[in-house]
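Right, one structure below, let's go through it.
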Amino acid sequence: MISNEATKRVEALPHYTRLIPESQEIGSQYKTQTDWKLVEVLSFYLGGVGTGLYLLSQVFDYGIGLIVGYLLVVVCKNGAHLLASSKPFRAMGVLRKPGTSWISRGAYGIFTFAVLGLIDIAFRTGMVTVENVILANVVSILTALAAFFIMAYVGFVFAEARNIGFWNSPIIPVLIISYSFCMGYALFLVLAPFTADQFGYPALARQFLLTLVTTTLLIFILLTVVKRMTKSAQQAASMLITGKFSMMFGFGVIIAGLLAPICLVGYYLVNVETVSASLLSLAGLLVLVGGLLCEMCLIYAGVYRPLVEVE
Amino acid sequence: MTIDLKRCIGCQSCTIACKMKNGTPPGIFYRKVFEKVTGKYPNIKRSYIPTNCMHCDDPPCVRNCPSGVFSKRDDGVVIYDPGKCYGARVCRMVCPYEAISFFEKVEPYFPNGFTPIEKYWDNASKEGTAGKCDFCIDRVTTGLQPACVKTCPTEALKFGDLNDPNSDVSKLILARGGYQMHAELGTNPSVYYLP
């Protein structure tokens, strides 16, 4: 029999820990996921911004936007993924399961984009002259498809987590695509004043406003849908609306990241003759910050369905 | 596998047997026994719910792991190869049963560094990779029972072939109305709880 003295001695040791950590003791708690942190948030965020910017830059034939978008995806997003990985030298293994794994499919999308994007940029910026217009167009279309795929796959990665009700919502993939376009416009409008290229700002502002309104509506639809889903999804919604992420979500994402830019862009469109286009850049900056916060909220508020439901 | 909830007394013998068999470092449990308290005073009931990898028929970890760390054998046991893991942790996200552990930082059990048995287990080489219950596949292939089943003093755990209608586990499931945890998620677990 172990004496009290012996128990005290063990408990006094500096390394003494509970046999089973408190967090694992009761399987009926609503726990948020803790595996994906800021680096993963950044990788998804940079992918969204980069692909959004790249696609818009293709439409508006904006060379700097193409290069920045490409670098954000290929260098920054991939860099963040490698940073998040505990064994980065094994990362090529990510290509093993494209048949079933969305992360693997996403990796194929990124590799395709990395190769085709380079050729597309070379063609479009005149670094390489191409006689065959059809070839250039095919490369452009395939790059655009790869970029769109990178934008979209993240939503399906989330949707696969059936035990995280909030991520399992069908609205999430649509919201991620919409937000990516929104952030693409935002970065486009932040970068555009620093270049000699001339863009039709009122038209850009109208499209930006459309993506902003769509994204805002999708967020409200998501919250409405989630509140009617599983208890873990409802917990996630509560965390965003009234819980520990309410400041970040309410003020950062909704007010500063969406409603304020909508007002700024609206004001610009109403007073287009008198107001400087730099107002759009300010709105863009706000959207970029709001987008990052939104990505954080989405990932951090992933609440697991408990193993055991408490009555 | 069947887990008899009426027989489990929450002694954690299976948890310890699992730790000893797999040599898992502090904080890593391939097997856990949860407590559930129901009812209101004075009519309170405390039950114990042992959990481990459910070895699903449609395992989300196998499907979603991009590097193919997890695979399902023909006999239905879901095994893993830590040598392929690069630490995406998507397996932990998609597993509805919290069955996958991640070897974040492997610490020794005692302050004076790793003991000889810990060095033998070589958990340091598993740092940054995922791990989980594999039904003690090395024991099962040699005709032995998994360590948890062998150790359980109340015989709450039974291991056998679910595809064989004459096996003990199949009979128990039929007789006792065995159910799967979170069956609504469609993963079709191979672990049944006997109420």
Inset, instruction - Could you pull out every one of the helices (runs of 4 or more DSSP H) wholly within the stretch B:108-195 that has 3 or more residues that are loosely packed, with under 12 Cβ neighbours inside 10 Å and out of contact with any strand residue (DSSP E or B) (no Cβ under 7 Å at 6 or more places or on another chain)? - result: B:116-121
Inset, instruction - Please tell me if B:K45 is at pLDDT below 95, of a type outside the set (A, V, I, L, M) and touching a Gly at 6+ places or on another chain (Cβ under 8 Å). - result: yes
Legend entry - Members of the stretch B:7-62 found to be among the hydrophobic types (A, V, I, L, M, F, W, C) and over 18 Å from B:Y97 (Cα atoms), listed by number: B:C8, B:I9, B:C11, B:I16, B:A17, B:M20, B:V37, B:I44
Legend entry - Hits in the stretch A:220-233 (condition: surrounded by fewer than 18 Cβ atoms within 10 Å (Cβ to Cβ) and touching a residue at least 40 places away in the same chain (Cβ under 8 Å)): A:I221, A:V225, A:M229, A:K231
Inset, instruction - May I ask you to list the residues in the stretch B:34-65 that are within 7 Å of chain A (Cβ to nearest Cβ) and either among the β-branched types (V, I, T) or closer than 24 Å to B:C11 by Cβ (or both)? - result: B:F34, B:E35, B:K36, B:T38, B:I49, B:T51
Legend entry - Unique match (being assigned to a helix (DSSP H, G or I) and either among the aromatic types (F, W, Y) or out of contact with any Gly (no Cβ under 8 Å at 6 or more places or on another chain) (or both)) among A:I262, A:I150: A:I262
Legend entry - Members of the stretch B:13-26 found to be within 10 Å of chain A (Cβ to nearest Cβ) and surrounded by fewer than 19 Cβ atoms within 10 Å (Cβ to Cβ), listed by number: B:I16, B:P26
Inset, instruction - Determine the pairs where a residue that is without any contact (Cβ under 8 Å) to a residue 40 or more places away in the chain, located within the stretch A:192-219, has a partner that is of a type outside the set (D, E) and assigned to a helix (DSSP H, G or I) with Cβ atoms under 7 Å apart, the partner being 6 or more residues away or on another chain. - result: A:Q207/A:Y185; A:T211/A:S178; A:T211/A:F181; A:T211/A:C182; A:T211/A:Y185; A:T214/A:S178
Inset, instruction - Report, by residue number, each residue of the stretch B:92-122 that is more than 9 Å from every other protein chain (Cβ to nearest Cβ), free of Cβ contacts under 8 Å to residues at least 40 places away in the same chain and under 17 Å from B:Y30 (Cβ atoms). - result: B:D122
Inset, instruction - Taking A:V265 as the residue in question, decide whether it is in contact with a helix residue (DSSP H, G or I) (Cβ under 6 Å, 6 or more places away or on another chain) and more than 14 Å from chain B (Cβ to nearest Cβ). - result: yes
Legend entry - Answer residue from the stretch A:268-306, given it is surrounded by 22 or more Cβ atoms within 10 Å (Cβ to Cβ) and assigned to a loop (DSSP other than H, G, I, E, B) and is farthest from the other protein chains (Cβ to nearest Cβ) among those: A:A301
Legend entry - Residue list for the stretch B:66-86, filter: in contact with a strand residue (DSSP E or B) (Cβ under 8 Å, 6 or more places away or on another chain) and either assigned to a strand (DSSP E or B) or facing another protein chain (nearest Cβ under 10 Å) (or both): B:V69, B:F70, B:S71, B:K72, B:V78, B:I79, B:Y80, B:P82, B:C85
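Here's the yes/no breakdown for (1) modelled with pLDDT of 95 or more; (2) surrounded by 21 or more Cβ atoms within 10 Å (Cβ to Cβ); (3) outside any helix (DSSP H, G or I):
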{"position": "A:K8", "(1), (2), (3)": "no, no, no"}
{"position": "A:R18", "(1), (2), (3)": "no, no, yes"}
{"position": "A:Q24", "(1), (2), (3)": "no, no, no"}
{"position": "A:F44", "(1), (2), (3)": "yes, yes, no"}
{"position": "A:G52", "(1), (2), (3)": "yes, yes, no"}
{"position": "A:I67", "(1), (2), (3)": "yes, no, no"}
{"position": "A:G93", "(1), (2), (3)": "no, yes, no"}
{"position": "A:T112", "(1), (2), (3)": "yes, no, no"}
Inset, instruction - May I ask you to verify whether B:G68 is at positive phi, at pLDDT 90 or above and touching a helix residue (DSSP H, G or I) at 6+ places or on another chain (Cβ under 8 Å)? - result: yes
Legend entry - Residue satisfying all of: in the stretch A:156-172; in a helix (DSSP H, G or I) and within 16 Å of A:A233 (Cα to Cα); farthest from the other protein chains (Cβ to nearest Cβ) among these: A:I171
Legend entry - the stretch A:234-260, residues that are crowded, with 21+ Cβ neighbours inside 10 Å, farther than 17 Å from A:Y179 by Cβ and either modelled with pLDDT of 95 or more or among the small types (G, A, S) (or both): A:A236, A:A237
Inset, instruction - Just need a number here: residues in the stretch A:66-124 that are more than 8 Å from chain B (Cβ to nearest Cβ) and under 22 Å from the mean Cα position of the chain (by Cα). - result: 29
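The values are calculated or read from the model by the stated rules, or taken from the named source; none is laboratory data. Bear in mind the structure is a predicted one, so any value in this text is a computation, not a measurement. Note: ideal-geometry Cβ built from the backbone for every residue, glycine included; neighbour counts use all protein chains shown.
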